[in-house]
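Student: Submitted below is the structure of interest, expressed as structure tokens.
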């Protein structure tokens with residue numbers, strides 16, 4: 001019995017040693033694959049985080065009209081920032097909303113701050129939303145109301161669009177080759193002409209509604225002012241050269257009711273480029289220069305009339321209202337002899353008008369408007385061969401004329417300052 005127990009214990013020790021050896025071997029102990037050094041546990045590397053230092057926007061402020069959009073672009077620094085995700089927010093989404101991509105939409109009048117944020121940093125763009133600009137008719141106490149801005153302008157001080165006389169579309173080149181109412185030159189007019197030397201004659205001297213850019217663009221009773229309507233503005237307003245929102249021009253204040261309009265010095269468009277913007281004040285009338293039909297009357301320098309080639313691009317200040325009957329003058333001759341000419345003046349007006357006589361050579365050389373104004377200026381008889389102030393219908397004789405000499409008799413209405421206030425009517429004759 002004792003011999004069997006001793007043998008059993010001996011076998012148990014052998015099994016225990018074998019079991020321990022197996023455990024050591026399975027854990028790396030023993031064998032040729034055992035590492036030389038101590039066992040080191042493996043460690044996964046952790047990347048360094050690069051923080052955002054700043055956020056900037058493509059714009060810091062902007063003015064938008066209701067319905068317009070603006071794409072803002074956010075720039076995150078540094079360029080290798082770990083997380084460059086930008087979030088967008090509007091302080092007043094009823095005024096201006098913003099999408100997750102930075103697209104701003106103006107929805108109502110007011111102010112809103114658009115904020116772009118990233119990594120604890122942010123940038124702001126101030127959005128000012130305004131209503132769309134509309135053309136309003138300003139009552140100056142005159143026969144027509146005047147627009148508060150130029151045709152095509154989006155602000156009171158805006159220059160607006162430029163149009164050749166009698167054209168209703170803008171273009172990039174303003175010359176006779178591109179002018180609508182001619183065949184390539186000033187001597188081949190196809191509309192608005194009273195002299196066969198310059199093309200087809202239709203005797204139209206005021207723009208028709210279909211050729212009036214203000215009427216076509218705005219409709220209603222909007223149109224380009226006539227010569228006489230511009231003169232009414234000059235006669236009844238105090239004019240001051242000034243600036244409005246950094247734009248130079250003239251402020252016209254009505255002496256009738258105190259209301260005012262600002263007209264910027266918009267310059268003009270000649271050939272393929274703008275000229276004298278901010279320095280020249282010149283605006284269209286709807287009236288043809290009758291003695292030189294390839295030109296039209298313009299208001300110049302805020303105070304007097306001039307005439308420019310019809311093909312030139314000029315700004316337009318519209319008026320609102322039915323045209324007033326234009327005062328007219330007509331000239332006829334009933335007798336022409338060697339030294340005497342009998343003249344008949346007919347008019348539909350009781351207003352005062354000036355009648356003068358000039359050599360045809362001077363009239364052609366210097367231009368009818370220049371000759372007329374030079375004669376009237378300062379002294380009504382200065383430089384004239386014959387002159388007088390009249391009103392109503394008249395018949396009179398011109399005496400002491402040279403034989404076989406060509407003259408021009410001209411007449412024009414005068415204002416209270418003794419200056420020309422209407423179109424010039426003229427007719428030439430040659431003595432026997």
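The values are calculated or read from the model by the stated rules, or taken from the named source; none is laboratory data. Keep in mind it's a predicted model, so treat the numbers as computed, not measured. Here Cβ is always computed from backbone atoms with ideal geometry, including for glycine, and neighbour counts include all displayed protein chains.
Student: Do any strands (runs of 3 or more DSSP E) entirely within region 92-166 hold 1 or more residues that are modelled with pLDDT of 95 or more and within 30 Å of residue 234 (Cα to Cα), and if so, which?
Tutor: Counting at least 1 such residues, we get 145-147.
Student: Against the conditions (1) under 30 Å from residue 262 (Cα atoms); (2) surrounded by fewer than 16 Cβ atoms within 10 Å (Cβ to Cβ); (3) at pLDDT below 95, where does residue 79 fall short? Just the number, please.
Tutor: (1)
Student: Something else: List pairs: first in region 195-220 and touching a residue at least 24 places away in the same chain (Cβ under 8 Å) and not assigned by TED's automatic domain parsing to the domain that holds residue 165, second loosely packed, with under 11 Cβ neighbours inside 10 Å and part of a loop (DSSP other than H, G, I, E, B), Cβ under 6 Å, 6+ apart or cross-chain?
Tutor: Short answer, once both residue conditions are applied: none.
Student: While we're looking at this one, here's another question. I'm told residue 178 meets every condition in (1) at pLDDT below 95; (2) farther than 19 Å from residue 290 by Cα except one. Can you identify the failing condition by its number?
Tutor: Evaluating residue 178 over (1) at pLDDT below 95; (2) farther than 19 Å from residue 290 by Cα leaves (1) as the failure.
Student: State yes or no: is residue 113 closer than 24 Å to residue 53 by Cβ and in contact with a strand residue (DSSP E or B) (Cβ under 6 Å, 6 or more places away or on another chain)?
Tutor: On the way: closer than 24 Å to residue 53 by Cβ: yes; in contact with a strand residue (DSSP E or B) (Cβ under 6 Å, 6 or more places away or on another chain): yes.
Criteria met by residue 113.
Student: Let me ask you something else. What are the pairs, 6+ residues apart or on separate chains, where a residue within region 415-432 that is closer than 26 Å to residue 299 by Cβ has its Cβ under 6 Å from a residue that is part of a strand (DSSP E or B) and at pLDDT below 70?
Tutor: No pair meets every condition.
Student: Just to be sure before I move on: is residue 220 at positive phi, touching a strand residue (DSSP E or B) at 6+ places or on another chain (Cβ under 9 Å) and at pLDDT 90 or above in the structure I sent?
Tutor: Numbers: at positive phi: yes; touching a strand residue (DSSP E or B) at 6+ places or on another chain (Cβ under 9 Å): yes; at pLDDT 90 or above: yes.
Yes: the conditions hold for residue 220.
Student: Does region 284-302 contain any residue that is outside any strand (DSSP E or B), in the same structural domain as residue 247 (by TED's automatic domain parsing), within 23 Å of residue 149 (Cβ to Cβ) and out of contact with any helix residue (DSSP H, G or I) (no Cβ under 9 Å at 6 or more places or on another chain)? Before the answer, list the steps.
Tutor: Filtering region 284-302 down to residues outside any strand (DSSP E or B) leaves 289-294, 301-302.
Now narrow it down to the ones that are in the same structural domain as residue 247 (by TED's automatic domain parsing): 289-294, 301-302.
Filter again for within 23 Å of residue 149 (Cβ to Cβ), leaving 301-302.
Adding the requirement that they be out of contact with any helix residue (DSSP H, G or I) (no Cβ under 9 Å at 6 or more places or on another chain) leaves 301.
Taking every residue of region 284-302 in turn, at least one turns out to be outside any strand (DSSP E or B), in the same structural domain as residue 247 (by TED's automatic domain parsing), within 23 Å of residue 149 (Cβ to Cβ) and out of contact with any helix residue (DSSP H, G or I) (no Cβ under 9 Å at 6 or more places or on another chain).
Student: So which residues in region 314-344 are under 30 Å from residue 134 (Cβ atoms) and outside any loop (DSSP other than H, G, I, E, B), if there are any at all?
Tutor: Across region 314-344, the qualifying residues are 314, 319, 320.
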